[in-house]
Amino acid sequence: MKHKLTHNLGLKLLSVLVACLIWLIVADNNDPEDTQIYRNIPVTIVNQDTITNANKTFTVVDGTDRVNVYVTARRSVRTRLSASSFTVKADLENYNEAIGSVPLEVSCGEFAVTQEDMRIQPASLKISMEDKIEESFGIVATVSGKAARGYELGKVSLLTGDTIRIAGPQSLINIIGKVTVPVDITAKSGDSTQTYAIRIEDKNGSVLTDGQMAQLELKNIDGVVLQENKAEVAVEIWEVYEEIPLAATVTGTPAEGYEVTGITISPRTVNLTAPKEAIEELGNRLMLSDTFDISGASDNRDFAVDLNDTLAQYPDVRLEADVSAAATVSVRVDVVGSRTIDFPVSELVLKNTPVGKSLIFSPTDKLAVNVRAADEELDALGYEDIHAEIDLTECSQNGDYTLPVKITLPDGCELGSEVSIVVNVEDEEQEAELEIRTEE
């Protein structure tokens, strides 16, 4: 038996070696060794307090916080790998101040891959070191959008405070120009309190990038860090109250023999936006605070009014947006025993209207008709009791004409002064500005 095992031993050993060689060749062909690149792997920075405790801050430069890992291994190993298989760390305790970089360390979750099988590119994290400073900045809420129909922005309050402290690299703090909190009130119809992202612009008006914001630490004035760089904002939405009447009182006494017969405010009403309780406090009207003195007056007086002067007394009441604050208070002063009636121009009766012409009247809205009568008759008199007409016979050519107005009054009344009107005559193709009732 021993003879059989040892017979042709050399040939048998050679056969074994050839078989192993063939196996290695086949294995190498089916599972070859090669180098594969795993790209864009993030660098984890550890022991940052090594720098922050020294009141310093750092910035990664040249995009070295993401690296490529080269792995040399057989295909069967490489197919089990992905970018998530690797962890790359930069330990700031190993910071080399002379060259401004930190060496990188890589590890792999696949046990078959050793340190010798891996190579990192770049091999170090480059950082820029500088002093960390902290400064205070004013912060305001900027409102955009339009509230729901019938509502407007009332008040906006920064509950975080109107001043914040920002800590970060000195070079970045030095370029901060404006700090705001954008608030959108689109379609809102009620009050709300919520947090909004803080927006920081540099001195050129450019918004800081996410990378720059990541280098900053935002705190309120008490030093409490603002989570996620957000500020708490309270927004009040006020309802718009339409057609609030205006009211006014006059002071002083007219000239002897004259009296105040009426006060007219134009516009008669305004739209106000306010909380409900503020409108109720007004008594559902706005009493003008201006002084209208008619001492010694023997004719009508007009007073220009800025409604904002009155509203300044009510911090929670404003005019509706885009509404003019201008108003006029007209005080009618007549001879005792007389009264001036506002007669609508649209009620004028026109006689002998020229053919093919359009008519424009001045004044366009009303005529002042002064009437004398007993007090009880004056009190009951309205413009409906007055008949007014003009004769347009002489208005056959284009131009301006001043015409007398014929006034007919009820029995017991007499006209205090003559009334006239200016008529502008133009060709008919120019549209008339006012329709006038005519009598043939």
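Read-outs throughout are calculated quantities, based only on the coordinates presented, and are distinct from any laboratory measurement. These numbers were taken from a predicted model, which means no experiment stands behind them. Every residue, glycine as well, gets a Cβ built from its backbone with ideal geometry; the counts of neighbours run over all protein chains shown.
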Quick calc, residue 282 & residue 349: beta-carbon distance into FRET formula, R0 56 Å, rounding 0.05, result 0.85
Measuring from its Cα centre, region 167-324 shows a charge dipole (+1 at each Lys and Arg Cβ, -1 at each Asp and Glu Cβ) which, in debye to the nearest 20, is 600
Within the chain, excluding any trypsin sites (Lys or Arg not before Pro) found in a DSSP loop (not H, G, I, E or B) and having at most 15 other Cβ atoms within 10 Å, the longest uninterrupted segment runs 286-436
Simple SL model, points at 7 angstrom along Cα→Cβ for residue 306 and residue 135; separation in nm is 3.6
Any residue on another chain or 5+ positions along whose placed amide H is under 5 Å from the amide H of residue 289 is listed here as 310
Any lysines whose Cα falls less than 21 Å from that of residue 406, other than same-chain ones fewer than 8 residues away, would be 351, 366
Of the residues 86, 157, 267, the Cα lying farthest along the dipole of the chain towards its positive end, which is defined by charges on the beta carbon of Lys, Arg, Asp and Glu, belongs to 86
Checked against the structure, the computed Kirkwood radius over Cα pairs in Å among [x] 24.0; [y] 22.0; [z] 32.2 is the one labelled [z]
Stretched fully, the stretch from residue 225 through residue 414 gains (0.36 nm per residue minus C-alpha distance, one decimal, in nm) 59.8 nm
Quick note on 263, 244, ordering by fewest other C-beta atoms within 10 Å, gives 263, 244
Relative contact order in percent for region 340-427 (Cα pairs under 8 Å, 6+ apart) equals 38
Surrounding charge for residue 89, neighbours by C-beta under 12 angstrom, Lys/Arg +1, Asp/Glu -1, total -4
Among region 51-87, those whose backbone N falls under 20 Å of a label point 7 Å along Cα→Cβ from residue 123 are 61-73, 87
Restricting to Cα pairs under 8 Å and 6 or more apart, the percent relative contact order of region 248-335 works out to 48
For the pair residue 87 and residue 402, the simple spin-label estimate (label points 7 Å beyond Cα toward Cβ) gives in nm 10.0
Per the helix-only model, the chain has a calculated mean residue ellipticity at 222 nm (DSSP H runs of ≥4, -39500 (n - 2.57) each, divided over all residues, rounded to the nearest 500) of -3500 deg cm²/dmol
Residues meeting the amide H criterion for residue 240 (H placed from the backbone, H to H distance under 5 Å, 5 or more places apart or on another chain) are 151, 152
Plugging the Cβ-Cβ distance of residue 330 and residue 394 into 1/(1 + (r/R0)^6) at R0 = 22 Å yields, to the nearest 0.05, a FRET efficiency of 0.10
Full extension between residue 163 and residue 249 adds, at 0.36 nm per residue less the Cα distance, a length in nm of 26.4 nm
Excluding residues fewer than 8 positions from residue 178 in its own chain, the aspartates and glutamates with Cα under 20 Å of it are 134, 135, 162, 201, 202, 210, 217, 228, 232
Helix 9-30 sits off the longest principal axis of the Cα atoms of the chain, rounded to the nearest 10 on a 0 to 90 degree scale, by 10
Magnitude of the Cβ-charge dipole (Lys and Arg +1, Asp and Glu -1) of region 139-238 about the Cα centre, nearest 20 debye, reported as 200
Final fewest-first order of 246, 218 on the 10 Å Cβ neighbour count is 246, 218
Whole-Å distance linking the alpha carbon centroid of region 192-265 with that of region 164-179 is 26
Once both label points are put 7 Å beyond Cα along the C-beta direction, the residue 40-residue 375 separation in nm becomes 9.4
Percent relative contact order for the chain, counting Cα pairs under 8 Å at least six residues apart, stands at 10
Sorted by chain and then number, the residues having a modelled amide H within less than 5 Å of the amide H of residue 367, at least 5 places away or on another chain, are 343, 345
Going residue by residue through region 122-132, the Karplus relation 6.51 cos²θ - 1.76 cosθ + 1.60 with θ = phi - 60° gives ³J(HN,Hα) values, rounded to whole Hz and with x marking Gly or Pro, of x, 8, 9, 9, 8, 10, 10, 9, 7, 5, 9
Projected onto the charge dipole of region 139-238 (unit charges on the beta-carbon of Lys, Arg, Asp and Glu, signs +1, +1, -1, -1), the Cα from 223, 142, 233 with the largest positive-side position is that of 142
Checking rank on 168-174, 256-262, with mean other Cβ inside 10 Å and highest first, the result is 168-174, 256-262
